[in-house]
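See below for the structure under consideration.
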Amino acid sequence: MPDNVNVPDRTSKVARIAPVAGVFVVLAALGLSVNAGRLGFDLAGGRLLEAGSLSEVWSAYLAGWHAVDGGTASAAPAALAVLGTFGAVFTPHGFVSLLMIADAPLAGVSAFFATRRLPVQPWVRAVIAAAYGLLPAATAAGSQGRLDVVAAHILLPPVIAGIAGVLADPGQRWLHSSSLCALGLALLGAFSPLAHLLALAGLVVGFVVLPSPAPLLKRAASVVIVVLVPLALLMPWPTVLVNHPALVLHGLSGPGDPVTAVDLAGLDPGGAGAWPAGLALLLAAVIAFAVRPSRAAGAGLAVVVLGIAGLLVVRLVEVAPLQGGPVSPGFAGVPLLVIGAGLLWIVLSACRGPVGKPFLAGGAVLLVALAVGVVVAGSGGPLHSGGGPALAQDQADELARTGRSVLVLDAGDAPALQTGGRMPRFGDEQLAVSAATPARLAGWQDALTDPEPGRTRAALSGAAASGALFVVLPAGADPRPIVTMAGDLASSVAPTSDGRPVLRLLEPGGQVVLIPPGVARQAVTAQAPTSTLGVTPVDAQLPDVRVRVSEGVPGRLLVLAAEQEDGWRAQVDGKPVPIVPAWGHQVAVAVPTTQAEVTLEHPSTLRDVLLLVQIAAALFTLLTAVPTRLREPRPLEPTAEPAHS
């Protein structure tokens, strides 16, 4: 007997690990070199806002009311729950930064494992996976700080593989595979609603059109799980998407930049950080199909068609951004990623079985072309390390202590943001605000970036009445004209960490204020106060307010720094009273002349129910996603043969 019978075959293990390790090492080295100027766990800039601490992320996700743009009861994006879960190890923003820097190697490894069931040599799969990691749309998304597209880049391959498995044959472990596919689709949908819809469209069309040897009932049950479970896992976020389709077309990172047809053909979505190197992939797919056509390429072609349909919708259907701004098309990153995945699937289908040197040489040329595009443009863009703009420490402390808000203005078409108790964070821009809020904030921004005495004074007074304490002006703006024409309303204070001017509003204000009859008459007829004489801040916090007012003259109003929207309830001494609009948009209630207890609240019962649905769906998914050992038939025991003499 040889001595090495029980020795593990280490050569075979190394051979299995080497391809995926090569993909990770090569793409990681390229990613580190391209991002050398912005390495760190505090990336920000472009479309990326800081995510905040772990407690801030979970508080924002679970809150029923958000002090953003005057206040809204909109559900927070489900991406916050994902960041809160994975951020428990790296901190949420550290996890975000890791995704932005390690996007290429993570996506490459994801694509390699997603193709493991295909009859293709491992090293060929490694080349295709590396090409997927270097797609121009992903490079542009990383440079521009578009976290939603980066997450879609990483999650797309396993989702496509999962859907293909459900459509082909779910197998005996159909519940396990369907739950895993649903979990992946939910993660994808948390960051990119558009990718979620495209995946569902492909799943439903494939179920109707494609034949399968699996029983129809099993396939139908798998499809139902993949369709419905992700929606339950994302609750209550889908309710926002239904009412505000701009979030589907623009995604979490907002509208796209101008782009030419040549750029789109080269899988370049436009903007900084990309180069149309995808033309090489398009050429490679055409050549691969022409040289070795096969029926297996039909699946890749279907994915390409699905991506083209998504691209047409995103670029041709122009909508206004969720929080204001001009009507714009969406960012083409996600559809181009789908198209790129389909083209690589076509190339992969031509590589089944043994491949010759021409195919290997073509793969090398394709990788070089995509890598050149990453090196040429990948280091550009507004993404940077060092975090976003921060107020001076004493200003930040006062903002957190008082709960008042900061109004952050930006140059160009970027909308203003007003956030309570802190600077803007990731997720604020995805909250659905009241219909009149974008126009009001845009008016304040115009009045403060192009000062004129009447408009500027009205904007400062209106911002103070809405609870603002600080105003951050755009980079390079001069605060002196504002201070000169409205020195009694605002003063210049220490700038932000990146040098942007900051104004402190001087009029009395707070989360809740009691205003006298003279000012109250203005509040119900005007948009901004001309006098704040007698305005008294009240020690109370939003959204649930319970205060006791003393005896006083008739005509007083208790005004909240909260937008008037459906759901607010007011009571005086336990009896319901009507909400009075103050300054055209804020919640207020008339105060009686006698001593009374005034209560205002914004219940979130429906949201709480939807969160329970989400928890139930999460438990179902986790329990069914765990694979169970199938019982195998026991082999028959061999019968003893009679001994022969």
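In table form, for the structure just shown:
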item: Residue in the stretch 566-579 that is buried (at least 16 other Cβ atoms within 10 Å of the Cβ), at negative phi, out of contact with any Cys (no Cβ under 9 Å at 6 or more places or on another chain) and in contact (Cβ under 8 Å) with a residue 40 or more places away in the chain present; result: no
item: Within the stretch 518-577, tally of residues that are aliphatic (A, V, I, L, M) and in a loop (DSSP other than H, G, I, E, B); result: 9
item: Criterion: within 21 Å of G133 (Cβ to Cβ) and either basic (K, R) or free of Cβ contacts under 8 Å to residues at least 40 places away in the same chain (or both) - qualifying residue of A277, A285, A265; result: A265
item: Hey, L343 assigned to a helix (DSSP H, G or I) and touching a Gly at 6+ places or on another chain (Cβ under 6 Å) or not; result: no
item: Of all residues making up the stretch 59-95, the number that are farther than 28 Å from V587 by Cα, hydroxyl-bearing (S, T, Y) and in a helix (DSSP H, G or I); result: 1
item: Condition broken by P105, with the remaining ones in (1) free of Cβ contacts under 8 Å to residues at least 24 places away in the same chain; (2) in contact with a Gly (Cβ under 9 Å, 6 or more places away or on another chain) satisfied; result: (1)
item: Any hit, the stretch 585-595, residues being in a helix (DSSP H, G or I), of a type in the set (G, A, S) and surrounded by 14 or more Cβ atoms within 10 Å (Cβ to Cβ); result: no
item: Residue pairs meeting the criteria (Cβ under 8 Å; at least 6 apart or on separate chains; first within 19 Å of V305 (Cα to Cα), in the stretch 337-357; second buried (at least 24 other Cβ atoms within 10 Å of the Cβ) and of a type in the set (F, W, Y)); result: G340/Y132; A341/Y132; L344/Y132
item: Check on T496, surrounded by fewer than 16 Cβ atoms within 10 Å (Cβ to Cβ) and either without any contact (Cβ under 8 Å) to a residue 24 or more places away in the chain or of a type in the set (S, T, Y) (or both); result: no
item: Any chance D263 is part of a loop (DSSP other than H, G, I, E, B), farther than 30 Å from T419 by Cβ and acidic (D, E); result: no
item: Top-ranked residue in the stretch 7-46 [being in a helix (DSSP H, G or I) and among the charged types (D, E, K, R); ranked as modelled with the lowest pLDDT]; result: R10
item: Output for the stretch 476-509, where each listed residue is outside any strand (DSSP E or B) and among the small types (G, A, S); result: G476, A477, A486, G487, A494, S497, G499, G509
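The values are calculated or read from the model by the stated rules, or taken from the named source; none is laboratory data. Predicted model only: the values in this text are computed from it and were never measured. Cβ sites come from the backbone with ideal geometry, for glycine too, and all protein chains shown count toward neighbours.
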